[in-house]
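As structure tokens, the structure follows; a few thoughts come after it.
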Amino acid sequence: MDTSRLSRSEYIAVAGAILLVIALFLPWYETSPDNAAANIDGERGSFSGWDVHPIVRWLLLLLAISPIILAWIISRGHELAWTRGELTAVGAIFGLGLVFFNGIVSKPGEPSGQISLKYGYWLTLLAILLILAGSVMRTGESQRRRRPPGTF
């Protein structure tokens, strides 16, 4: 394993992955203290993304693993059939949409207007943007292998 093969883009994406794992356990949502009826799953207070989203949490953990796998592939010098960083970038775009939808469009809790977003949510968005930036930078550094005409 040769870490000298890693560029700044991998370090940015891995930093985003570490931040994503940490942010998943920080407070994302908080019920309004002024409204006694405001709740998330019948409870009041602050809630992390891990507490509120039983399926999304596993998808975000998979997203956090992808930059680490990409850095491992690059440091080992493995050949890929696709441009390095593409799959991580697609996963980051998916994760960005997933987090945006669950925090802005379909906020958990009742009434949704009485649930506020906390710093953990915004750190999660920042972490995914770092993963996306690092993987897009890596994609730009790599060259596509040319194939003969008529082949897939």
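Quick notes
- Cβ crowding within 10 Å ranks 105, 52 as 105, 52, fewest other Cβ atoms first.
- Likely footprinting exposure, 34, 51, fewest C-beta neighbours within 10 Å first: 34, 51
- Correct option for Cα Rg over 2.2 N^0.38 Å [calculated from the coordinates] among (1) 1.26; (2) 0.98; (3) 1.18: (1)
- Taking the fewest neighbouring Cβ atoms within 10 Å as the starting point, the ordered list for 53, 78 is 78, 53.
- Under 15 Å from the residue 93 label point (7 Å along Cα→beta-carbon), backbone N, segment 44-83: 83
- Dipole of the chain, positive end: most advanced residue of 97, 15, 135 [Cβ charges, Cα centre]: 135
- Dipole size of the chain about its Cα centre, with +1 on Lys/Arg Cβ and -1 on Asp/Glu Cβ: approximately 860 debye, rounded to the nearest 20.
A short reminder: the numbers here are calculations on the coordinates, not readings from a lab. Because the structure is predicted, anything quoted here is derived from the model rather than measured. Using ideal geometry, Cβ is built from the backbone for each residue, glycine included, and neighbour counts are taken over all protein chains shown.
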